[in-house]
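Scroll down for the structure; my scribbles are underneath it.
The values are calculated or read from the model by the stated rules, or taken from the named source; none is laboratory data. For clarity, every value in this text was computed on a predicted model and none was experimentally measured. With ideal geometry, Cβ positions are generated from the backbone for all residues, glycine too; neighbour counts draw on all protein chains shown. The accessibility values were calculated without ligands, DNA or RNA, using every heavy atom of the protein model including side chains. Shrake-Rupley method; radii C 1.70, N 1.55, O 1.52, S 1.80 Å.
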Amino acid sequence: MQLQQLRYFVAVAETRHFTRAAERVHVSQPSLSQQIRALEQELGADLFGRARGNIALTDAGEALLPLARRILADTETARREVQELAQLRRGRVRLGATPSLCTGLLPRVLRTFHDRHPGIELIIEESGSHDLVRELARGALDLALVVLPLPSPSPALTTVELLREDLVVISSPDSPAPPSPLRVADLAGEPLVMFRHGYDLRELTVAACRAEGFEPTFTVAGGEMDAVLGFVRAGLGVAVVPAMVAQGAGRGLRTTPLAPPGLHRTIALAHRSDVAPPRAARELQRVLLATGRSSPAGV
């Protein structure tokens with residue numbers, strides 16, 4: 001008894017027609033009929049009654065049908081399990097993340113994942129949450145780290161909250177020390193180094209300043225994360241950045257906390273709701289969730 005014969009048998013049983021069954025399994029009708037006859041000879045019983053062109057299951061066929069379906073389902077499960085294990089040796093994961101997370105959270109997460117699965121290729125897309133949501137929706141990414149709330153909520157995406165992160169103010173040690181903790185209102189008239197349009201941090205900072213009744217003053221605007229850190233080190237102004245970025249920025253920066261209630265952002269892990277991520281992506285998802293939820297309080 002061969003799996004191919006069982007597939008042909010199930011196709012005939014479901015279509016009750018040899019020609020349509022052959023079309024379903026992509027073989028010629030004579031080949032399918034020959035394999036069905038060989039299966040019947042192997043089992044020693046007719047599986048179909050063929051009276052006057054009507055195809056009906058015999059008692060033997062009725063008994064075989066649920067068993068054949070179960071065997072084929074178990075075979076497909078085995079195939080998927082083996083393929084998924086193989087994916088952990090030589091698969092790939094396409095992960096999107098905001099630039100600040102690429103600087104703060106991702107390096108240690110990706111190191112942990114790479115140590116466990118060195119054969120997995122990691123493809124990182126660095127962009128703002130709005131662009132990442134669009135890339136997820138069109139299937140260009142497996143997972144994405146985004147800032148909540150989403151710029152355009154989509155029922156096609158599933159999000160899982162990862163961490164709530166404090167924002168802090170960074171400045172050059174050579175500049176006058178700001179009050180600590182610093183109020184958002186203290187940033188009125190303070191020269192700010194600002195991110196480019198599309199950064200979630202830009203929108204959050206500008207909104208916080210306007211909520212305090214003033215428009216922020218930019219000395220330099222339009223930079224990426226590394227550029228903003230460099231401009232602040234050079235004494236061109238202060239910037240509002242995630243605490244993890246400030247902690248990992250090294251020497252040459254002063255970090256000042258914001259007075260309660262402060263500024264925060266919520267990071268979530270997102271994927272498409274209608275498509276299950278591949279096995280390698282699910283493994284990275286597990287590492288991300290474990291790392292994010294074990295991060296220090298307030299980060």
- Note on the structure: Between the Cα axis of helix 59-90 and the main Cα principal axis of the chain, the angle (0 to 90°, nearest 10) is 30
- For the chain, calculated [θ]222 nm from helices alone, where every DSSP H run of n ≥ 4 adds -39500 (n - 2.57): -14000 deg cm²/dmol
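Would you mind telling me the antiparallel percentage of the DSSP bridges in the chain, rounded to 5?
Counting DSSP beta bridges with both partners in the chain, the antiparallel share is about 60 percent.
At a threshold of 8 angstrom on Cα-Cα distance, excluding pairs fewer than six apart, so keeping six or more, what relative contact order does region 17-132 reach in percent?
Once divided by the residue count of region 17-132, the mean separation gives 19 percent.
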- When the chain is modelled as a GNM with alpha-carbon springs shorter than 10 Å, which of 146, 25, 109 fluctuates the most? 25
- Go through region 1-90 and name the chymotrypsin sites (Phe, Trp or Tyr not before Pro) that are in a DSSP coil and have 13 or fewer other Cβ atoms within 10 Å of their Cβ. none
- Message: Probe radius 1.4 Å, ligands and nucleic acids left out: which of 180, 273 has the largest accessible area, and how do the rest follow?
- Response: 180, 273
- Task: Among the trypsin sites (Lys or Arg not before Pro) in region 87-138, which ones are in a DSSP loop with at most 12 other Cβ atoms within 10 Å of the Cβ? Mind listing them?
- Result: 138
- Item | Cβ-defined net charge surrounding residue 209, 13 Å radius [Lys, Arg +1; Asp, Glu -1] | -2
- Query: Ignoring ligands, DNA and RNA, what percent of the 1.4 Å accessible area of the chain is carbon and sulfur?
  - Reply: 51
- Message: For the chain, set up a GNM with springs between Cα atoms under 10 Å and report which of 106, 132, 64 has the largest fluctuation.
- Response: 64
- Message: Tell me the relative contact order for region 93-216 as a rounded percent, counting alpha carbon contacts under 8 Å between residues six or more apart.
- Response: 25
- Message: Test of understanding: in a Gaussian network model of the chain with alpha carbons linked when under 10 Å, which of 67, 192, 110 would top the mean-square fluctuation ranking?
- Response: 67
- In degrees rounded to 10, the 0-90 angle between helix 200-211 Cα long axis and the longest Cα principal axis of the chain is 50
- How far is helix 3-15 tilted, in degrees, relative to the longest principal axis of the Cα atoms in the chain, given as a value from 0 to 90 rounded to the nearest 10? 80
- Could you give the dipole magnitude of the chain about its Cα centre, charging the beta-carbon of Lys and Arg +1 and that of Asp and Glu -1, in debye to the nearest 20? 600
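Test of the criteria: in region 128-212, which GluC sites (Glu not before Pro) are in a DSSP loop and have at most 15 other Cβ atoms within 10 angstrom of their Cβ?
Listed in order of number, the matching sites are 212.
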